[in-house]
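Okay, structure first, notes after.
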Amino acid sequence: MHSYLARFTFVFLLGLILVVLGRTWLLESRQVTVRSLAPIVIDAEIAARHLAGAIRIRTISYGADSKVEARAFRAFHTYLAKTYPRVHSKLTRETVADFSLLYHWKGTNPELKPLLLIAHLDVVPIETSTLASWAQPPFDGSVANGFIWGRGTMDDKASVIAILEATEYLLKNGFQPKRSVYFAFGHDEEVGGFKGAAAIAELFEARGVRFEFTLDEGLVITVDQMPGIKAPVALIGLAEKGYVSLKLLAKAEGGHSSMPPPETAIGRLARAIQRLEENPMPATIEGATAEMFATVAPEMDFALRLQFANRWLFDPLLLRQLEKNPASNAMIRTTMSPTMLAGGIKDNVLPSEVRAIVNFRTLPGKTSADVTAHTTRVIDDPMIEVQTWGPVFEPSPISDSNSPSFRLLARTIREVFPDIIVSPGLVFGGTDTKHYVGLTEASFRFLPLRLTADDLKGIHGTNERLSITNFSEIIHFYARLFQNAGER
Ligand SMILES: [Zn+2]
C-alpha cells in the first residue's frame, strides 16, 4: 500500500513537472519579424532646437478652475506656424475652444477611415521647492549633454513637435498619405481635457468623423523595468483605468476636548482609512495586463517564463509577487490612495465633521459603483457617509490587440526600433483619449520615449529631459506610421 502511494505520488509529480516544462518550452514568441529601416534623414540638432523652443513657451495648466494662460497658448500657436511652414500651408488648422488645435492632413484615398493622433499643448507647473534641484532651469529650453531639458520634453511636447517634424519632413519630400490623418492637440489635458479634447471630440461627432484608430500618449518603451527581460519593451496601451474619488465624511458629537466621548469623528475616519488600506480590492491578472504577460512571457528568462506559461498553477504566487511593487500592483487591481484630509479648527475643540478624499483607479471590468460598494462594505460604519467627489471616469473599453490597426502599430514600432519587444499594456493614468473613445473601435496609447524607472520620475517631476537621439527616433516613428497607415 505504502509503496503504491509512493509510486503514485512519484508518477503524479513527474507528470506535473513534464506538463509545466512542456508548456514553458512550447511558449512561442509573438513578435513580428520585420526588416528594420534606415532612419529618415533629419537634422537631429535642428529638431532638438525646435523642441527646445517649444519648452520655452510656458503653456502651463495650473488647475481645472484656473484661468488659461491665454498669451502663452497663442504664442505657442504662432511658434508652430512659423516653425512648420509646409505643415501650415498644406494642412488645414482650426483653433478649437480658443486654445486647442486641430489639424487635418487629407489622404489620397477617401475610402479609408482617417487616423487620429492625439497629443497636448499644456504642461504641469513646477513645484517651487524643486526649482533648485533642476540641472537646467525647466523653462529655459536648454540643449546640453545630448539632452533637451525642461518641462514638457517628455509630457507631451515631444509628441506634438515630433508629429509636426515628421509631417514637415514628409511634405518636403512630396509625400501625401493615403489615409487622412488628424492631429488633435488639446490645451488642458493636464486638468482633464474637459474644454479642449472634449470640444474637439464634439466637433468630430457633429461632422460624423469616425477613426480607423487613435493614438495618444500613455505608455512608452520601458527600459530595464520588466523583470526577466533584457530588451526594452514597447507597451501599447489597449485600455486605461477609470478614475473616481470618494469623499468620506465622519460625523460625531462636537464639544470640548476636556470631556471627550469614547468615539470621535477623527478616530472614526482614521479607522475607516486603515480598514481600506488593509482590505484592497481583489487582485487579478486579466484584460490588457493578462495580454501583456502572455506577450512578454516568451521573452522572459526561464524561471519567469515557466511561471507565466503555467498560470493555472502559479497565479497565486505571481499575484503575491506583483502586489509587492506599486507599479505592478497597479496592473492587477483597483488601487486606493487617500489624498486629502480636513477637519478640526482648534486644538481644544472636538470637530463634529471631518473629511477625507480617497482616489481610486478602477481596473477595466470594474466600475465606480463597485468601488463605492467595496468602500462602504469595508468601512462598515453607518456614521461615515461615502459620496463620489469630482469627475468620475469609468475604465475605458479594451481595444483589440488582434486588430489590423494594432498589428500595423506593432510592425511600425519594430521597423523603427528593431531591438525591442512590442506588447499590449494597461494605462494607469488618464489621457485625452477618454474623450475620443466613442469615435473609434481602436484606441491606442503609445509614445516611443525610452524610459528607465529613473527617467519616469521626470514626468510631472524634476529634471524632465529627453535625449536628442530618442527624439529623432520618435520623429522617425511618426513618419513611418504615416507611410504605413495607408497600407493594409
Ligand atoms: Zn501628458
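The values are calculated or read from the model by the stated rules, or taken from the named source; none is laboratory data. Note that the structure is a prediction, hence the values are computed from the model and not measured. A quick note on method: Cβ atoms are made from the backbone with ideal geometry, for glycine too, and the neighbour counts reach across all protein chains shown.
Determine whether residue 398 is surrounded by 18 or more Cβ atoms within 10 Å (Cβ to Cβ), of a type outside the set (S, T, N, Q), more than 16 Å from the ligand (Cβ to nearest atom) and more than 17 Å from residue 216 (Cα to Cα).
no
Can you name every residue in the range 122-180 that is among the basic types (Lys, Arg) and either touching a Ser or Thr at 6+ places or on another chain (Cβ under 6 Å) or surrounded by 13 or more Cβ atoms within 10 Å (Cβ to Cβ) (or both)?
151, 157, 178, 179
With the requirement that a residue be in a loop (DSSP other than H, G, I, E, B) and either within 18 Å of residue 427 (Cα to Cα) or touching a strand residue (DSSP E or B) at 6+ places or on another chain (Cβ under 6 Å) (or both), what does the range 384-407 give you?
Selection gives 394, 395, 396, 397, 398, 399, 400, 401.
For the range 332-340, state whether one or more residues are in a strand (DSSP E or B), more than 21 Å from residue 222 (Cα to Cα), modelled with pLDDT under 95 and not hydrophobic (A, V, I, L, M, F, W, C).
Scanning the range 332-340 turns up at least one residue that is in a strand (DSSP E or B), more than 21 Å from residue 222 (Cα to Cα), modelled with pLDDT under 95 and not hydrophobic (A, V, I, L, M, F, W, C).
Let me spell it out: the conditions are (1) within 22 Å of residue 93 (Cβ to Cβ); (2) crowded, with 20+ Cβ neighbours inside 10 Å, and residue 232 meets all of them except one. Which number is the exception?
All conditions pass for residue 232, except number (1).
Residue check: is residue 432 of a type in the set (Asp, Glu) and modelled with pLDDT of 95 or more?
yes
From the list 122, 155, 188, 140, exactly one residue is within 16 Å of the ligand (Cβ to nearest atom) and over 20 Å from residue 449 (Cβ atoms). Which is it?
Answer to the check: 188.
Residue 206: free of Cβ contacts under 8 Å to residues at least 12 places away in the same chain, away from the ligand (no atom under 16 Å from the Cβ) and either in contact with a strand residue (DSSP E or B) (Cβ under 9 Å, 6 or more places away or on another chain) or small (Gly, Ala, Ser) (or both), yes or no?
The answer is yes for residue 206.
Read through the list (1) under 25 Å from residue 211 (Cα atoms); (2) modelled with pLDDT of 95 or more; (3) not in a strand (DSSP E or B), then give the number of the only condition that residue 377 fails.
(1)
Given the criteria away from the ligand (no atom under 14 Å from the Cβ) and part of a strand (DSSP E or B), does residue 482 qualify?
Here the answer is no, as residue 482 does not meet what is asked.
Checking residue 435 against (1) over 21 Å from residue 327 (Cβ atoms); (2) surrounded by fewer than 19 Cβ atoms within 10 Å (Cβ to Cβ); (3) within 14 Å of the ligand (Cβ to nearest atom), which test does it fail?
Tallying (1) over 21 Å from residue 327 (Cβ atoms); (2) surrounded by fewer than 19 Cβ atoms within 10 Å (Cβ to Cβ); (3) within 14 Å of the ligand (Cβ to nearest atom), residue 435 fails exactly one: (2).
Does residue 117 count as within 16 Å of the ligand (Cβ to nearest atom) and crowded, with 17+ Cβ neighbours inside 10 Å?
Against the criterion (within 16 Å of the ligand (Cβ to nearest atom) and crowded, with 17+ Cβ neighbours inside 10 Å), residue 117 qualifies.
Given 446, 471, which one is closer than 25 Å to residue 299 by Cα, surrounded by 19 or more Cβ atoms within 10 Å (Cβ to Cβ) and not aliphatic (A, V, I, L, M)?
Selected residue: 446, the only one of 446, 471 that is closer than 25 Å to residue 299 by Cα, surrounded by 19 or more Cβ atoms within 10 Å (Cβ to Cβ) and not aliphatic (A, V, I, L, M).
Pull out all pairs, ordered by first then second residue, where Cβ-Cβ is under 6 Å, the residues are six or more apart or on different chains, the first lies in the range 120-133 and is in a helix (DSSP H, G or I), and the second is away from the ligand (no atom under 16 Å from the Cβ).
Here the result reads 130/462; 133/462, each pair linking the range 120-133 to a residue that is away from the ligand (no atom under 16 Å from the Cβ).
Please give the number of the condition residue 194 fails out of (1) touching a strand residue (DSSP E or B) at 6+ places or on another chain (Cβ under 6 Å); (2) within 16 Å of the ligand (Cβ to nearest atom); (3) assigned to a loop (DSSP other than H, G, I, E, B).
Failed condition: (1).
Please enumerate the residues belonging to the range 88-111 that are touching a Lys or Arg at 6+ places or on another chain (Cβ under 9 Å), of a type outside the set (A, V, I, L, M, F, W, C) and assigned to a loop (DSSP other than H, G, I, E, B).
Passing the criteria: 98, 106, 107, 108, 109.
Can you find a residue in the range 92-109 that is within 30 Å of residue 404 (Cα to Cα), out of contact with any His (no Cβ under 9 Å at 6 or more places or on another chain) and among the small types (Gly, Ala, Ser)?
Yes, the range 92-109 contains at least one residue that is within 30 Å of residue 404 (Cα to Cα), out of contact with any His (no Cβ under 9 Å at 6 or more places or on another chain) and among the small types (Gly, Ala, Ser).
Considering only residues that are within 16 Å of the ligand (Cβ to nearest atom), in a helix (DSSP H, G or I) and farther than 17 Å from residue 51 by Cβ, which ones fall in the range 447-472?
456
Is it fair to say residue 172 is touching a residue at least 24 places away in the same chain (Cβ under 8 Å) and either of a type in the set (Ser, Thr, Tyr) or within 16 Å of the ligand (Cβ to nearest atom) (or both)?
The answer is no for residue 172.
Which residue out of 345, 357 is surrounded by fewer than 19 Cβ atoms within 10 Å (Cβ to Cβ) and assigned to a loop (DSSP other than H, G, I, E, B)?
After applying the criteria, what remains is 345.
I'd like the residue in the range 1-53 that is of a type in the set (Gly, Ala, Ser) and under 30 Å from residue 156 (Cβ atoms) and, out of all such residues, is surrounded by the fewest Cβ atoms within 10 Å (Cβ to Cβ).
38
Checking the condition touching a helix residue (DSSP H, G or I) at 6+ places or on another chain (Cβ under 8 Å), crowded, with 21+ Cβ neighbours inside 10 Å and polar (S, T, N, Q), which residue from 289, 295, 222, 284 passes?
Step by step, each of 289, 295, 222, 284 is checked, and only 289 is touching a helix residue (DSSP H, G or I) at 6+ places or on another chain (Cβ under 8 Å), crowded, with 21+ Cβ neighbours inside 10 Å and polar (S, T, N, Q).
Looking only at the range 9-39, how many residues end up being at pLDDT 85 or above and in a helix (DSSP H, G or I)?
17
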